[in-house]
Every structure is written in structure tokens, then in C-alpha cells.
Amino acid sequence: MKTLRDFLLAEAKEKRQAPEGYEKAKTQGGITKDAVRILQTLSGIDDDGEKVSFADIKNNLLEPKIIKDNFGVASIASLKELFGKSGIFSSSAEGAIRMQEIFLQSDLASKHIRGEGGWRIKLKEGWPGLARTEASSQKVIMFWVNTLYNVYVLGTGSKSKQEKLIYFFSEDKRYMIVDEK
């Protein structure tokens, strides 16, 4: 049975405010064609000239083996490992090396922002133009990180394949914070 403390902590996490100098990620609206092409490449869908939709990409990623094959890492057990040397900062995984074109380094957010949880990731300069607009670029980053988190950390026996992480992007466009809800 949940205690009042458990309930209040869960409630506070749901309505978590962005730390000073950060703003919540943009989640409303669609994504650009550039964003769809990036997700197509990351998902391993061949570019055979056929038009690929976001729904096609999501359907392709329902199979965890496809994601693991494209990312190239055997196992990741936590958000810490996902943003560590065995995950995104792996030196041998092909998908991880592609992601290092955007993500430059990571460490605990609490080292930089008192009381903040999760991981602070330094982003490559110019990342907001990755998918032509900042909002679409944020969505590409969030979609792929959520996909990796769901497959690796939550695993195939997970109750929810739609688990979402919480994201904050710095106003100076240099960092993002990712944490579990």
C-alpha cells in the first residue's frame, strides 16, 4: 500500500518544473520530413525510394531485436548505463557511434544543478538544426532515447512499451537533462 509520502513524491515528479536555465522539451505538433528520414536511418529501414511514414518507423521498432541490431549493444540495465560507456558512449557499437555525433558527454545532473535528478548530456553545437527545426530535432532525440530505454532498460517483458522519460533542454542549447518520470 502506498503511503502519503509515496503519493506526494510521485505527484511532485509528474509536475516537475524545469530547472533554472532549462525548459521542458517541446512535445506538441508534428515532425519534419528531415526528422522522419533521420529516424528511418537510425531504425535501419532501407531507403528503397518508397515513402516512409512515422507510423512505419514506429511499427518497425516494435521488434526489440531490430533495435538491438541497429544500436549494436547487447544489454543495458539502467538509465545510467544507457548514458554511459556501455550505452550511448560505447566505443564499438555502430548505433552508439552515430549518436555520439549529437551527444558529446554525460554526467549526473546533480553535479551541476543542486537537487536535480537524472543525467545532463552535452549536445553538439548546431543540434537544433538536425531535423530542420528545434522542435523536430528535440523529438528525434527524445524518440530514439525513449526507444532505447524501453527496449533495453524496461525489457521485452515490460508492462508498458510507452514509458516516457522527462526531458529538459537548456536555454543556451548546449545541454539536455533526461530523467525517469
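Do we find that Ser137 is surrounded by 20 or more Cβ atoms within 10 Å (Cβ to Cβ), farther than 25 Å from Lys58 by Cβ and among the hydroxyl-bearing types (Ser, Thr, Tyr) in this structure? In short, no.
Against the conditions (1) at pLDDT below 90; (2) surrounded by 19 or more Cβ atoms within 10 Å (Cβ to Cβ); (3) more than 21 Å from Lys26 (Cα to Cα), Thr147 satisfies every one except (3). Scan the range 56-75 and tell me whether some residue there is out of contact with any Ser or Thr (no Cβ under 6 Å at 6 or more places or on another chain), surrounded by fewer than 19 Cβ atoms within 10 Å (Cβ to Cβ) and aromatic (Phe, Trp, Tyr). The answer is no, given that none of the residues of the range 56-75 is out of contact with any Ser or Thr (no Cβ under 6 Å at 6 or more places or on another chain), surrounded by fewer than 19 Cβ atoms within 10 Å (Cβ to Cβ) and aromatic (Phe, Trp, Tyr). The set of residues in the range 60-83 being over 18 Å from the mean Cα position of the chain (by Cα) and of a type in the set (S, T, N, Q) is empty. Listed by first and then second residue, the pairs with beta-carbon distance under 7 Å, at least 6 apart or on different chains, first residue in the range 128-153 and within 17 Å of Gly84 (Cβ to Cβ), second at pLDDT below 90 and of a type in the set (Lys, Arg), are Val151/Lys68. Taking the condition free of Cβ contacts under 8 Å to residues at least 24 places away in the same chain and under 16 Å from Val145 (Cα atoms), does Lys85 pass? Criteria met by Lys85. Filtered by the rule that a residue be over 13 Å from the mean Cα position of the chain (by Cα) and either within 12 Å of Val178 (Cβ to Cβ) or loosely packed, with under 13 Cβ neighbours inside 10 Å (or both), the range 108-120 gives Leu108, Ala109, Lys111, Arg114, Gly115, Glu116, Gly117.
Of the residues Lys51, Lys13, Lys26, only one is at pLDDT 75 or above and either surrounded by 11 or more Cβ atoms within 10 Å (Cβ to Cβ) or closer than 28 Å to Arg174 by Cβ (or both); which? Step by step, each of Lys51, Lys13, Lys26 is checked, and only Lys26 is at pLDDT 75 or above and either surrounded by 11 or more Cβ atoms within 10 Å (Cβ to Cβ) or closer than 28 Å to Arg174 by Cβ (or both).
The values are calculated or read from the model by the stated rules, or taken from the named source; none is laboratory data. Keep in mind that this is a model prediction, so the values were computed, not measured. Positions of Cβ are generated from backbone atoms using ideal geometry, with glycine treated the same way; all protein chains shown enter the neighbour counts.
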